[in-house]
Amino acid sequence: MAYKILGITPGTDLTDIKKKYRQLMHRVHPDTEAFSTRAYDFTAQEINEAYDFLRKNRTDSFLGQVTKNTTPGRKQHGKTVYHQSYREENTTTGSTAKQMKWNAPLNENAYTTRTVYHYAEDADGEIIGSFPAASGKYLWILEEDFPLFLKSMFECSKRLLDHVDAQIRRENVCPKQLKFQAELSYLLAQQFIDATSTLKRLLTPEVLPDADIYSIASMLELAADAPVLRSGMTLYPSCIRDHRLFLTTKSGKNAGYVSFRDDRLYYIIIPLFEQKRAQVKIEISATQDRKRNLPAGTYKNLDFLIKIPHDNAGTFPENINLQIEGLLAEYAKN
């Protein structure tokens, strides 16, 4: 199938495979001068995956394992996995319509659908852009690049805000549009991320009879008037403001807010606290980065333990849709 997608025959050498790949990617990629509006049987994603497959597996004996109607897929445990359901053809009114499907769970109760994007690469592995791979109420999984997931969320929020503008016939751009778009993207992300199952893929928890406990790589961004903080000192959550978790000392002095080393955790950990689905224990770590131990340092490493009860796992807050509708109604008034 990979040979068919690229329009070459078995035995074609790598140089010619690269040449054909470049030609096809220029043909189907709208950002290039060679872009052609003439229909091509395969998408940019299929071309990219076919090339990647042939580049990494060029022996005929292995290529012969590809069966009809399969598309090269993601890698697991050192081997290529094929998804029979990845491409689906539906015949309607005598014509064949191609529908791309993404191998991820769905949240049928999500407020809207979203687009799943993938990067397109040239023959040297350089990224030349991104393209839509599927559309639906698909949850984010680790195989989807997170910056592209955020792109999907901002696109969704912009689409919803544009719809409001059209309904109320707004003539000028709302001066607070970007603020509403950011807040709306944050709410939408909560509908497309299963926090507890995603954490289990990112980290290995300590499993208790009634809960899972995770150790999160995090730091404290010190407040300007933060007191002296020593190793082993316990800090306490004081509030969540602008989706940041602020901490205080035992005496109530403001210490600063939590910063995560993995940016994806902002969209997983903070919502768990906002939804009151987790408990936390936080201490100043005994191990500190040298530069951050200097008087001018602005961070402290934390020992951050989060406890998630099993009865809070695998759920999506029902009030997110109401929050989205409320935000859109507020946007219409601005």
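The values are calculated or read from the model by the stated rules, or taken from the named source; none is laboratory data. Bear in mind the structure is a predicted one, so any value in this text is a computation, not a measurement. Don't worry about glycine lacking a Cβ; one is built from the backbone with ideal geometry, like all the others, and counts go over all protein chains shown. Protein only, heavy atoms only, side chains kept; ligands, DNA and RNA dropped before computing areas. Shrake-Rupley method; radii C 1.70, N 1.55, O 1.52, S 1.80 Å.
Quick check on D210: is it more than 30 Å from A104 (Cβ to Cβ) and in contact with a strand residue (DSSP E or B) (Cβ under 9 Å, 6 or more places away or on another chain)? So that I can check it myself, show each step before the final result.
On the way: more than 30 Å from A104 (Cβ to Cβ): no; in contact with a strand residue (DSSP E or B) (Cβ under 9 Å, 6 or more places away or on another chain): yes.
Taking the combined requirement at face value, the residue does not satisfy it.
If you check Y257, Y267, which single one turns out to be out of contact with any Cys (no Cβ under 9 Å at 6 or more places or on another chain), closer than 23 Å to D225 by Cα and crowded, with 19+ Cβ neighbours inside 10 Å? So that I can check it myself, show each step before the final result.
Working: Y267 fails: closer than 23 Å to D225 by Cα.
Just one listed residue meets the conditions, Y257.
Restricting attention to the range 303-334, which residues are over 22 Å from the mean Cα position of the chain (by Cα) and aliphatic (A, V, I, L, M)?
L305, L322, L327, L328, A329, A332
Select from the range 300-334 the residues that are part of a helix (DSSP H, G or I) and of a type in the set (S, T, N, Q) and list them in ascending order.
Step one: of the range 300-334, the residues part of a helix (DSSP H, G or I) are 310-312, 320-333.
Within the range 300-334, N312, N321, Q323 qualify.
Among (1) at pLDDT 95 or above; (2) more than 30 Å from D145 (Cβ to Cβ), there is one condition D225 misses while meeting the rest; what is its number?
(1)
If we scan the range 250-265, do we find a residue that is assigned to a loop (DSSP other than H, G, I, E, B), on the phi < 0 side of the Ramachandran plot and under 21 Å from the mean Cα position of the chain (by Cα)?
Residues of the range 250-265 that are assigned to a loop (DSSP other than H, G, I, E, B), as a first pass: 250-253, 261-262.
Retained after the next criterion (residues that are on the phi < 0 side of the Ramachandran plot): 250-251, 253, 261-262.
Filter again for under 21 Å from the mean Cα position of the chain (by Cα), leaving 261-262.
Yes, the range 250-265 contains at least one residue that is assigned to a loop (DSSP other than H, G, I, E, B), on the phi < 0 side of the Ramachandran plot and under 21 Å from the mean Cα position of the chain (by Cα).
Is at least one residue of the range 278-296 in contact with a helix residue (DSSP H, G or I) (Cβ under 9 Å, 6 or more places away or on another chain), in a loop (DSSP other than H, G, I, E, B), in contact (Cβ under 8 Å) with a residue 24 or more places away in the chain and surrounded by fewer than 19 Cβ atoms within 10 Å (Cβ to Cβ)?
There is no residue in the range 278-296 that is in contact with a helix residue (DSSP H, G or I) (Cβ under 9 Å, 6 or more places away or on another chain), in a loop (DSSP other than H, G, I, E, B), in contact (Cβ under 8 Å) with a residue 24 or more places away in the chain and surrounded by fewer than 19 Cβ atoms within 10 Å (Cβ to Cβ).
What pairs come up if the first residue lies in the range 322-333 and is closer than 16 Å to C156 by Cα, the second is of a type in the set (S, T, Y) and surrounded by 18 or more Cβ atoms within 10 Å (Cβ to Cβ), and their beta carbons are under 7 Å apart, counting only those six or more places apart or on different chains?
These pairs meet every condition: I324/Y111.
Against the condition over 30 Å from V164 (Cα atoms), open to solvent by 10 Å² or more (accessible area, probe 1.4 Å) and either aromatic (F, W, Y) or in contact with a Phe, Trp or Tyr (Cβ under 9 Å, 6 or more places away or on another chain) (or both), how does T204 come out, does it pass?
Values: over 30 Å from V164 (Cα atoms): yes; open to solvent by 10 Å² or more (accessible area, probe 1.4 Å): yes; either aromatic (F, W, Y) or in contact with a Phe, Trp or Tyr (Cβ under 9 Å, 6 or more places away or on another chain) (or both): yes.
Taking the combined requirement at face value, the residue satisfies it.
Filter the helices (runs of 4 or more DSSP H) completely within the range 140-211 down to those with at least 1 residues that are touching a Pro at 6+ places or on another chain (Cβ under 9 Å) and touching a residue at least 60 places away in the same chain (Cβ under 8 Å).
On the way: elements: 146-168, 177-192, 195-202.
Qualifying helices (runs of 4 or more DSSP H): 177-192, 195-202.
How many of the residues in the range 128-166 are among the polar types (S, T, N, Q) and at pLDDT below 95? Write out each step before concluding.
Of all residues in the range 128-166, those among the polar types (S, T, N, Q) come to 130, 135, 152, 157.
Narrowing further to those that are at pLDDT below 95: 130, 135.
Residues in the range 128-166 being among the polar types (S, T, N, Q) and at pLDDT below 95: 2 in total.
Only one of K250, K333, K300 is more than 28 Å from E183 (Cβ to Cβ) and open to solvent by 70 Å² or more (accessible area, probe 1.4 Å); which? Spell out how you get there, then give the answer.
Values: K333 fails: more than 28 Å from E183 (Cβ to Cβ); K300 fails: open to solvent by 70 Å² or more (accessible area, probe 1.4 Å).
From the options K250, K333, K300, the qualifying one is K250.
Among the numbered criteria (1) open to solvent by less than 40 Å² (accessible area, probe 1.4 Å); (2) in a loop (DSSP other than H, G, I, E, B); (3) closer than 22 Å to F180 by Cα, which one does F273 miss?
Checking F273 against (1) open to solvent by less than 40 Å² (accessible area, probe 1.4 Å); (2) in a loop (DSSP other than H, G, I, E, B); (3) closer than 22 Å to F180 by Cα, the one that fails is (2).
Can you give me the number of residues within the range 147-173 that are open to solvent by 20 Å² or more (accessible area, probe 1.4 Å) and either of a type in the set (D, E, K, R) or under 30 Å from L24 (Cα atoms) (or both)? If you could, list the steps in order and put the result at the bottom.
Restricting attention to the range 147-173, the residues satisfying the condition of being open to solvent by 20 Å² or more (accessible area, probe 1.4 Å) are 147, 150-151, 154-155, 158-160, 162-163, 165-173.
From what's left, either of a type in the set (D, E, K, R) or under 30 Å from L24 (Cα atoms) (or both): 147, 150-151, 154-155, 158-159, 162, 165, 169-171.
Summing the residues that are open to solvent by 20 Å² or more (accessible area, probe 1.4 Å) and either of a type in the set (D, E, K, R) or under 30 Å from L24 (Cα atoms) (or both) in the range 147-173 gives 12.
Please indicate, with yes or no, whether at least one residue in the range 24-33 is modelled with pLDDT under 65 and among the acidic types (D, E). Break it down stepwise before answering.
First, pick out the residues of the range 24-33 that are modelled with pLDDT under 65: 29-33.
Okay, now just the ones that are also among the acidic types (D, E), so 31, 33.
Yes: one or more hits.
When you look at Q177, is it farther than 18 Å from I270 by Cα and in contact with a helix residue (DSSP H, G or I) (Cβ under 6 Å, 6 or more places away or on another chain), yes or no?
no
Could you check the range 196-247 and list, in sequence order, the residues that are among the β-branched types (V, I, T) and over 16 Å from R261 (Cα atoms)? It would help to see each step written out before you state the result.
Filtering the range 196-247 for residues among the β-branched types (V, I, T) gives 196, 198, 204, 207, 213, 216, 228, 234, 240.
T196, T198, T204, V207, I213, V228, T234, I240, listed by residue number.
On the basis of being closer than 30 Å to R22 by Cα and modelled with pLDDT of 95 or more, does L188 make the cut?
Numbers: closer than 30 Å to R22 by Cα: no; modelled with pLDDT of 95 or more: yes.
The answer is no for L188.
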